[in-house]
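Worksheet: the structure to be examined is printed underneath.
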Amino acid sequence: MGLETLKAGELGAIVTYLDMRERPRLAPPPPSPLRLKRWEIVDPGKYRTLFTRVGGPWLWFSRLAIDERELLSIIRDPQIEIFAVEDRHGIEVGMLELDFRESGDCELSYLGLVPELAGAGHGKWLMAEALNRAWRKDISRVHVHTCTLDHPGALRFYRNSGFTARGQSVETFPDPRLLNLLPRDFAPHVPLREA
């Protein structure tokens, strides 16, 4: 057993990799006032704004740390499908990103709702919609990963949705709040330790 001391300005997280290797028997999605809208041509500024609204409280930052050219190569790839979750007024309140670039696989790259919608059952609806879109004729595995910085119920939610944990790793990285990728007041549950 051992502990690794992180430098000031660094964060650490345990990443859990989960997958499902056969299509689950899906009940119809629970009713929801929300709907998915596919973004056919993704605007990088709009993408980053929604990515931050949904993932900022959990320190999602990977798509904020890359330049626009690299971001465009991902979000405009024809094998990546991006959906905005809209409420009944057309306001974007969540996102779903499916990655079909690996043959036979679909990764749920990003799946989330704004924090204000937590606990209302909308996550179950979004997961049902995601799995319905992910499981296609040529798909034999759907996978996702989460980490200890994510919503405290994320791992349980994925397991309850039919995913099985297959591995873990430890990830360390610079705190995105100190890199000005996210506001300093985001994720108050994670201590901000300046260098």
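Consider region 140-160 and keep the residues that are in contact (Cβ under 8 Å) with a residue 60 or more places away in the chain and either surrounded by fewer than 13 Cβ atoms within 10 Å (Cβ to Cβ) or farther than 20 Å from W58 by Cα (or both). The one that is nearest to the chain's Cα centre (by Cα) is V142. Being touching a helix residue (DSSP H, G or I) at 6+ places or on another chain (Cβ under 6 Å) and free of Cβ contacts under 8 Å to residues at least 40 places away in the same chain is the filter here; which residues of region 19-62 pass it? Passing the criteria: P44, Y47. Checking each residue of region 126-143 against the condition of being at pLDDT below 95, in a helix (DSSP H, G or I) and of a type in the set (K, R) gives no match. When region 84-105 is filtered for residues that are under 12 Å from the mean Cα position of the chain (by Cα) and without any contact (Cβ under 8 Å) to a residue 60 or more places away in the chain, the ones remaining, listed by number, are M95, E97, L98, D99.
Out of A128, A118, A84, A165, one residue alone is touching a Lys or Arg at 6+ places or on another chain (Cβ under 8 Å) and over 16 Å from Y17 (Cβ atoms). It is A84. Kindly indicate the residue of region 118-133 that is touching a helix residue (DSSP H, G or I) at 6+ places or on another chain (Cβ under 9 Å) and without any contact (Cβ under 8 Å) to a residue 60 or more places away in the chain and also nearest to H145 (Cα to Cα) among those meeting that condition. Among them, the one singled out is M127.
Across region 158-193, the qualifying residues are those that are among the basic types (K, R) and assigned to a loop (DSSP other than H, G, I, E, B), and the one among them that is farthest from G55 (Cα to Cα) is R193.
Scanning region 106-125 for residues that are within 14 Å of the chain's Cα centre (by Cα) and assigned to a helix (DSSP H, G or I) yields P115, G123. Determine whether region 71-91 contains at least one residue that is within 25 Å of A154 (Cα to Cα), at pLDDT below 95 and either out of contact with any strand residue (DSSP E or B) (no Cβ under 6 Å at 6 or more places or on another chain) or loosely packed, with under 12 Cβ neighbours inside 10 Å (or both). Checked region 71-91: no residue is within 25 Å of A154 (Cα to Cα), at pLDDT below 95 and either out of contact with any strand residue (DSSP E or B) (no Cβ under 6 Å at 6 or more places or on another chain) or loosely packed, with under 12 Cβ neighbours inside 10 Å (or both). Each residue in region 78-105 was checked for being within 19 Å of V15 (Cβ to Cβ) and assigned to a loop (DSSP other than H, G, I, E, B), and 1 pass. The residues in region 36-77 that are under 12 Å from the mean Cα position of the chain (by Cα) and either among the polar types (S, T, N, Q) or not in a helix (DSSP H, G or I) (or both) can be counted, and the count is 6. Of the residues in region 149-189, how many are at pLDDT below 95 and β-branched (V, I, T)? Qualifying residue count, region 149-189: 0. Filter region 144-157 down to residues that are part of a strand (DSSP E or B) and hydrophobic (A, V, I, L, M, F, W, C) and give me whichever is farthest from R25 (Cα to Cα). Restricting to residues being part of a strand (DSSP E or B) and hydrophobic (A, V, I, L, M, F, W, C), the top hit is C147.
The values are calculated or read from the model by the stated rules, or taken from the named source; none is laboratory data. Since the structure is predicted, the reported quantities are computational estimates derived from the model, not experimental observations. Cβ atoms come from the backbone with ideal geometry, glycine included; neighbour counts cover every protein chain shown.
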